[in-house]
Amino acid sequence: MCGIVGYIGEKEALPILINGLKALEYRGYDSAGVAVFSKNGIREKKTVGQVEVLEKAVGDDVDFKGNLGIAHTRWATHGAPSEANAHPHSDCSRRVFLVHNGIIENYKELKNYLSERGHIFKSETDTESVAHLIEDFLEEGKDFKTALIDTLKMIRGAYALAIADAKNPEILYAAKLSSPLVIGVGKDENFLASDPSAVIGNTRDFIYLKDGELAEITRDKINISNLEKQPTPIEIVRLEWNLEQAQKGDFPHFMLKEIFEGPEIVRFAFRGRIISKENRVMLGGLEQVSDKIKKIKRLIILACGTSYYAGLVGEYLFEEIAKLPTEVHFASEFRYREEPFDEGTAVLAISQSGETADTLAALRKAKEKGLLTLGIVNTVGSTIARETNAGVYNHAGPEIGVASTKAFLSQITILVLMAIYLSKSNDKDSLTESLLKELEKIPEKIEKILLQAPAIEKLALKYKDCGNFLFIGRRYNYPTALEGALKLKEVSYIHAEGYGAGEMKHGPLAMISPDFPTMAIVPQNGVSEKIYSNLEEIKARKGPILAIATEGDKKISSLANDVIYIPKTIEPLEPLLTVVPLQLFAYYAGVNRGFNVDKPRNLAKSVTVE
Ligand code: M6R
């Protein structure tokens, strides 16, 4: 996730901007840039790597002076991390400068249109098209604000933008749609940032810009309007936060913040990748190997932990949607297997961090065997991302909590897209259509589940002192059961096991007793009747049952002691909904047992040792 900082006031902008970028480092980044503006002109610098590199690069430049500035840490989405792709981006005349967080979905159309009109592009980013579009409207004789508004009306996607007009370094513009942006209100100075943590050392008063709003900020005035130029009400919020609290926003822990980012994360994973009109998926990262992908006959998914469970969901998806024989291996086991590989075998490594030692070693083994290697990786430029032949980035932003939550949602979203992309079946149209349509509704459905957080906390309080927990599910929700158990173990230290519900009679049923609860994942689908029978068996042995079931399910309340209802969706997408209450349940169990859920004992976020 990119980070934005802006400043206008009486002070030198540069140190404020650099400090702001440092405070946003937790968002993750691969390159950074800054531009300051004064009557004497523009100073601009972009560097690859840490903010420190940028700081050093501008440190000796005595002319890097100006009271207006914009700065950015970039988390690459379109185009590799490089100086050319780092922000700020500008137009041909170097009048319009801007930094952006989000994705401009129609940037290709805009780029083609603007190129035909003579604009020369210097980067591979989606963002640069916005600067050129503003310039194009300016060339028609429009004033800066109108040119900006006309641009915002033409772009599709998500944006938080900080924009400077080099001709008029007395005003800073800001606009937002679906990406966060706040204005820090000071005395004779104002600030702009992706979140308050960037400038909390300078002010505690903030305006949270709303979607569709445009702000014109001078050193002593802030005007906010909608895109029809009508003023909108301004509410200033006073924050009494320290830096860490500011990074977490209103959330007490990163884990909860990241669970609540779920809807946005799913949107970021599919945004710009679904071509609804043509009922197909576009995955730019796989285009370079599209010929080889057509020849894949067998897919081996390699991953660890939560990413492995996402891989298990992927197995069902690839087999059902792409009709592709798929198997999933713990990366740590695959390394030591000596199985033969037929021609047409490809490997898919899944990793949030992109640095997990076991996954990397397994990937390298596959490369040695000459297999095509693909990746689903969240961290841009990480080792696994670099070492795979091709891949798809999650765009989920950094995950700080050790327990993986939002990464799981984005991995599954991408696996759905990848399964459609790999699909060779002739009758894919109706299934693809329903999958794509329903995928776009998933974020709203997750939002509905998140509203139940207080009720889920009550259930966590009720069950938090149980020494053991069983999680059961079938088909697509078998991996969800495994993931739910892992989450509970990891953050609450309650012993938990995940099982395929059909396996109960083959062993686990022996454990059931009044103090051994079962979390049953039983949304209404083709296998729910089977799970009801499994639940009857548990109930007969007086085992407490907590169920995740579909809204409107009449039968479940007669079987389960407690039920968390979730909206209906189609079976291949169910894990995107069923996992959310499990994440919340684990979170509240851990917190109410008094543990640091963000940093569980004995665990590290990135497991770079075998
Ligand atoms: O970064 P990766 O996705 O490769 O990490 C894999 C596992 O270490 C990770 O998912 C781990 O299991 C999480 N802590 C689970 O919450």
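What to note about this one:
- Over the chain: helical MRE at 222 nm, DSSP H runs n ≥ 4 each giving -39500 (n - 2.57), nearest 500: -11000 deg cm²/dmol
- Rule-of-thumb Rg ratio for the chain [Cα; 2.2 N^0.38 Å; N residues]: 1.01
- Note on the stretch 251-440: Kirkwood hydrodynamic radius from all Cα pairs is 16.6 Å, rounded to one decimal.
- The Cα-based radius of gyration and maximum Cα-Cα distance (Dmax) for the stretch 3-148 are 15.0, 42 Å.
- Rounded to whole Å, sorted largest first: equivalent-ellipsoid semi-axes of the stretch 324-420, Cα gyration tensor: 22, 15, 12
- Estimated at the nearest 10 Å², the accessible area of residue 364 is 100 Å² with a 1.4 Å probe.
- In the complete set of protein chains, residue-level accessible area for residue 30 is approximately 20 Å², probe 1.4 angstrom.
- Relative to one another, the C-alpha centroids of the stretch 83-151 and the stretch 277-301 are positioned 31 Å apart.
- Remark: relative contact order (the stretch 443-600) = 31 percent; criterion is Cα-Cα distance under 8 angstrom and separation of 6 or more residues.
- Highest average first, the peptides 226-236, 483-493 ordered by how many other beta carbon atoms sit within 10 Å of their residues are 483-493, 226-236.
- For the stretch 272-344, relative contact order (Cα pairs under 8 Å, six or more residues apart, normalised by length) works out to 29 percent.
- Computed with a 1.4 Å probe on the full set of protein chains, the accessible area for residue 395 sits at about 20 Å².
- Largest first and in whole Å, the equivalent-ellipsoid semi-axes of the stretch 354-405 read 22, 12, 8, each the square root of five times a Cα gyration tensor eigenvalue.
- Centre-to-centre separation between the Cα atoms of the stretch 339-368 and those of the stretch 374-389: 11 Å.
- Close amide H partners of residue 474, meaning residues 5 or more places away or on another chain with modelled amide H under 5 Å apart, are 501.
- Alpha-carbon centroids, the stretch 522-542 and the stretch 405-468: separation in whole Å: 21 Å
- Largest-first ordering by accessible area, 1.4 Å probe, given options 267, 386, 337: 386, 337, 267
- Across the chain, the mean sequence separation of Cα contacts (distance under 8 Å, 6 or more residues apart), normalised by length, yields a relative contact order of 11 percent.
- Set against the 2.2 N^0.38 Å expectation for a compact globular protein, the stretch 443-600 has a Cα radius of gyration ratio of 0.94.
The values are calculated or read from the model by the stated rules, or taken from the named source; none is laboratory data. These figures come from a predicted structure and were not determined experimentally. Here the Cβ is made from the backbone with ideal geometry for all residues, glycine too, and neighbour counts use every protein chain on show. Just the protein is used for accessible areas: all its heavy atoms, side chains included, with ligands, DNA and RNA removed. Shrake-Rupley method; radii C 1.70, N 1.55, O 1.52, S 1.80 Å.
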